[in-house]
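Colleague: Attaching a single structure in structure tokens format; questions to follow.
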Amino acid sequence: MRRAWRAAPRGRRVAVAGLVVAALVVAELASGGGSEQSGRAAPPLPAKALRPPAVDLADLRGKPALVDFFASWCEPCAEEAPTLRKLSASLGGRATVVAVDWDDAGGAARTFVREHGWDFPVLADTSGTAGESYGLVGLPTSFVLDPQGRIVATFRGPQSEAKLRQALLEAA
């Protein structure tokens, strides 16, 4: 195998290495987007409400919360949007869903929220600083907070309603 690898043209080796990396990324996404446990205190949320009410971390204490970062131009975010609407509607006050529009234009974001029928709080991170504080590396990214405001799970990429619900139940 080593001899065949060395004998292969450099371009083919790079292509094979790229395919291996791509397969690893696909495997991670297929496994649910990568849940991480951290236990660190959640950074502050943006103060500007795109869809009221404005909420901050103090408002979320006492029950689990899902903080989902999205953008109107993000196709995977549009794919996940109905899931967030259904999840929020089914929680019955046992947990809270908050969306944060990351580094987006206000009009496009408002249209996205309206088109997807979101009736939970949506905040605007127009400067991108909240996303940076959370360690955002892609969209959508969801952070599950426990009742004390600590991040207990992070999900990258679109998630199922069942997976998000389970994470919120475990955070309680």
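The values are calculated or read from the model by the stated rules, or taken from the named source; none is laboratory data. These numbers come from a predicted model, not from an experiment. A quick note on method: Cβ atoms are made from the backbone with ideal geometry, for glycine too, and the neighbour counts reach across all protein chains shown.
Colleague: Out of the range 56-85, which residues are under 16 Å from residue 101 (Cα atoms) and either at pLDDT below 95 or part of a strand (DSSP E or B) (or both)?
Modeller: Once the filter is applied, which keeps residues that are under 16 Å from residue 101 (Cα atoms) and either at pLDDT below 95 or part of a strand (DSSP E or B) (or both), the range 56-85 yields 66, 67, 68, 69, 70.
Colleague: Determine if the range 95-111 includes at least one residue that is touching a residue at least 60 places away in the same chain (Cβ under 8 Å) and either farther than 20 Å from residue 79 by Cα or within 13 Å of the chain's Cα centre (by Cα) (or both).
Modeller: Yes, the conditions are met somewhere in the range 95-111.
Colleague: Sticking with this structure for a sec: Just the residues that are in contact (Cβ under 8 Å) with a residue 24 or more places away in the chain and among the charged types (D, E, K, R), please, taken from the range 60-89.
Modeller: Residues satisfying the conditions are 61, 63, 68, 79, 80, 85, 86.
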